[in-house]
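Bear in mind that the values in this text are calculations on the coordinates, not laboratory data. Worth saying up front: this structure is predicted, and the values here are computed from it rather than measured. Note that each Cβ is placed from the backbone with ideal geometry, even for glycine, and that neighbours are counted across all protein chains shown.
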Amino acid sequence: MNKNIKILAISGSLRQKSSNSALMNAIIALALENMEFTIYSGLGDLPHFNPDIDINEGPAPVVELRTQLKEADGVLICTPEYGNGVPGVLKNALDWIVSSGEFVNKPTAVISASPSPMGGDKAHASLLLTLKMISAEIVEKGTMMIPYITLKLNKEGVITDAETKRELLVVIRALEQAASI
Ligand code: FNR
């Protein structure tokens, strides 16, 4: 039997009613049986990145993030765009990983979703730049920008748009393949 593939799922939004967090849960519901997801819930607890306090193993929330990344075979990120960029909380989390290296060669799928017609394209592009800088393996066919997210995900968090669902399945399969190697 194939071993379970561990995926750390990170939403770039702290909002309780976040469409990206709802989307992440919908993706998890669609995923293959051998994929085991952990939802990272510590984004809002991380201190502001400051190399001066990154001493010994680092602050406890940072240790937790680094440990969860280390234990994961792959990462799924779903993020909104704020002010034409990556949400500060998500960028802050990645800044903590630059020197410790847990993203090196980590298969990573990247999705941005926005109510706008652009699908969070600027955040998406900027996030890829940062992930490449920290040597994450951006999964081929594992990236997607979703415009008009509010029209594609209903209040129950179910993906109602067939094309979006089909494209998400491609992303999930690609992540599963990359993370199982
Ligand atoms: C936004 N939003 C937004 N959307 C976008 O596509 N590009 C952007 O630059 C911004 N900037 C922005 C700034 C501020 C201050 C707010 C409050 C909102 C809209 C944003 O995509 C929308 O609120 C999403 O619903 C946020 O994602 P979650 O929390 O639903 O996942």
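Per residue, the chain reaches -11500 deg cm²/dmol at 222 nm when only DSSP H runs of four or more residues are counted, each adding -39500 (n - 2.57). Beyond a 27 Å Cα-Cα separation, which of these cross-linked pairs lie in this structure: Lys70/Lys155; Lys122/Lys152; Lys106/Lys152; Lys70/Lys91? In this structure, Lys70/Lys155; Lys106/Lys152 lie more than 27 Å apart at Cα. So which trypsin sites (Lys or Arg not before Pro) in region 1-43 end up in coil per DSSP with only 14 or fewer other C-beta atoms within 10 Å? When the trypsin sites (Lys or Arg not before Pro) of region 1-43 are filtered for loop state and at most 14 Cβ neighbours within 10 Å, Lys3, Arg15, Lys17 remain. For the chain, the alpha-carbon coordinates run over 49, 45, 26 Å along the three principal axes, in decreasing order.
Spatial offset of region 159-179 relative to region 56-124 amounts to 19 Å, using the alpha carbon center of each. Near Leu153, the amide H atoms lying under 5 Å from its own belong to Thr160; only residues 5 or more places off or on other chains count, and H is placed 1.01 Å from N. The aspartates and glutamates whose alpha-carbon is closer than 19 Å to the alpha-carbon of Lys3, local same-chain residues fewer than 8 away aside, are Glu33, Glu36, Glu71, Asp73, Glu176. With a cut-off of 11 Å between beta carbons, the residues surrounding Pro87 carry a summed charge of +1, where Lys and Arg count +1 and Asp and Glu -1.
Sparsely packed loop sites in region 17-116 (the GluC sites (Glu not before Pro) outside DSSP H, G, I, E and B with at most 16 other Cβ atoms within 10 Å) comprise Glu33, Glu57.
The H on the amide N of Ile146, modeled in the peptide plane, is under 5 Å from the matching H of Ser112, Ala113, Ser114, each at least 5 residues off or on a different chain.
Build a GNM of the chain with springs between Cα atoms under 10 Å apart, and of Asn20, Asn34, Asn92 the one that fluctuates most is Asn34.
Annotation: amide H-H contacts under 5 Å for Gly12 (H modelled 1.01 Å from N, sequence separation of 5 or more, or interchain): Cys78, Thr79.
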